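These notes are about the structure you will find just below.
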Amino acid sequence: INGSTNLAAGLELAGKFTHLNAVVVVTDGQPDSQSDALHAAKSLKQKGVDILCIGTDDADTSFLAKLATRSDLAIHVEAQDLRASIEQASTLLLGSGQ
């Protein structure tokens, strides 16, 4: 697929870490396969891993809300605001008890 992201592979790799509390996904929301990514995310969530999603540009906000542990952990930002959003991610995760 032209320039898309194998998000599922990234989430599966994260799942190999034994002491993982959270994953922050920064994406344009256009993975190779939404269903594969959602399946990988479900596996992480079942292990108690929080998933926070930061979508940029034309990200599919509905997809990001499904990918994240909770809908308030899925945010959309303009590319120029990405740095501040990543800094804010730690605050959101701390609020979830991590």
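The values are calculated or read from the model by the stated rules, or taken from the named source; none is laboratory data. Source: prediction; values computed, not measured. For neighbour counting, all protein chains shown are included, and Cβ atoms are generated from backbone atoms with ideal geometry for every residue, glycine included. Just so you know, the surface numbers come from the protein's heavy atoms only, side chains and all, with ligands and any DNA or RNA stripped out. Shrake-Rupley method; radii C 1.70, N 1.55, O 1.52, S 1.80 Å.
Here is how the numbers come out for the structure above:
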| quantity | calculated |
| --- | --- |
| Residue ID - modelled with the highest pLDDT, chosen from residues in segment 44-65 that are open to solvent by less than 50 Å² (accessible area, probe 1.4 Å) and part of a helix (DSSP H, G or I) | 44 |
| Residue match in segment 1-21 (condition: within 16 Å of residue 72 (Cα to Cα) and either in contact with a Cys (Cβ under 6 Å, 6 or more places away or on another chain) or modelled with pLDDT of 90 or more (or both)) | no |
| Residues of segment 16-43 satisfying the condition of being in a loop (DSSP other than H, G, I, E, B) and not charged (D, E, K, R) | 17, 18, 19, 20, 21, 29, 30, 33 |
| Near pairs, Cβ below 7 angstrom, 6+ apart or cross-chain, from segment 74-93 (of a type outside the set (Gly, Ala, Ser)) to any residue that is modelled with pLDDT under 75 and part of a helix (DSSP H, G or I) | 75/85; 77/85 |
| Selected residue (criterion: modelled with the lowest pLDDT) from residues of segment 66-98 that are open to solvent by less than 40 Å² (accessible area, probe 1.4 Å) and not hydroxyl-bearing (Ser, Thr, Tyr) | 93 |
| Residue in segment 6-16 that is in contact with a Ser or Thr (Cβ under 9 Å, 6 or more places away or on another chain), at positive phi and surrounded by 20 or more Cβ atoms within 10 Å (Cβ to Cβ) present | no |
